[in-house]
Each structure stands twice: as structure tokens, then as C-alpha cells.
Amino acid sequence: MSDERAGAVEPADEEILAALAARPDDFYRRHVRGLLGYLLRRTGDAELAADLCAETFAAALSGARRFDPGRGPAVGWLYGIARRLLGRAQRRARSRTVPGAASAWRRSR
């Protein structure tokens, strides 16, 4: 590889997250595929997974200043946001179904 960056070390997620307000695309590009795949596997619904993924990155962008690297890696923080949003979506879905359907949905997961 003749690229100048061949020997360059990519910045850590935490460094990218610290600069998130100025350059949100770096953190997004690094994690969007993995996060979208995770959400798709959990929901089985491509549209819902894409919506949750977008909401997750929007929440990460607006809450980046609250990230504490002492509590764990940035990617764990990002997936924590996704898990909370997924849980809310699942609770909303269960509350809109008939009582027997909600328990069948839980058994199918």
C-alpha cells in the first residue's frame, strides 16, 4: 500500500468521540455497519433497525459530552444507547398488541 496512512495509527474511538461535535462522520463510519447489523438481528425488521440506528447516533451526538472514558470504551457506550432505544421500541410494540400476542412475541425471541 503506497498510501501515506499505511503506517499511521487510527485514532481511538474515545479520541474521535471527544471531537464528535466537529467531525461526527468518523465515529459514524467506524460503527454504523456493526450497529445496524446488531439492531437488525435483534429486531428482524430492516426499517426499524435503520430508524433505531439513526436515533442511536443522534443521541450519541447530542450526548457526547456526557461520555466518560473511565466507565468503558466508546463503542460500549454507543451500544448501550442502542440497547436502551431498542428496549423502548420493544415495550411500545408490546403495549400496542393484544395481551396474548405480547407473550407470544417474547417466546419467539
Pairs, first over 11 Å from E14 (Cβ atoms) in the stretch 60-77, second of a type outside the set (V, I, T) and at pLDDT 90 or above, C-beta under 6 Å, six or more apart: A60/L78
Selection status of P99, modelled with pLDDT under 90 and either basic (K, R) or closer than 30 Å to F27 by Cα (or both): no
T43 within 10 Å of the chain's Cα centre (by Cα) and among the hydroxyl-bearing types (S, T, Y): no
Residues satisfying the stated conditions in the stretch 10-24, i.e. modelled with pLDDT under 70 and either exposed (fewer than 11 other Cβ atoms within 10 Å of the Cβ) or β-branched (V, I, T) (or both): A22
From the options G80, G7, G70, G63, residue that is modelled with pLDDT of 95 or more and either over 10 Å from the mean Cα position of the chain (by Cα) or surrounded by 12 or more Cβ atoms within 10 Å (Cβ to Cβ) (or both): G80
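The values are calculated or read from the model by the stated rules, or taken from the named source; none is laboratory data. What you are looking at is a predicted structure, and each value in this text was computed from that prediction instead of being measured. Don't worry about glycine lacking a Cβ; one is built from the backbone with ideal geometry, like all the others, and counts go over all protein chains shown.
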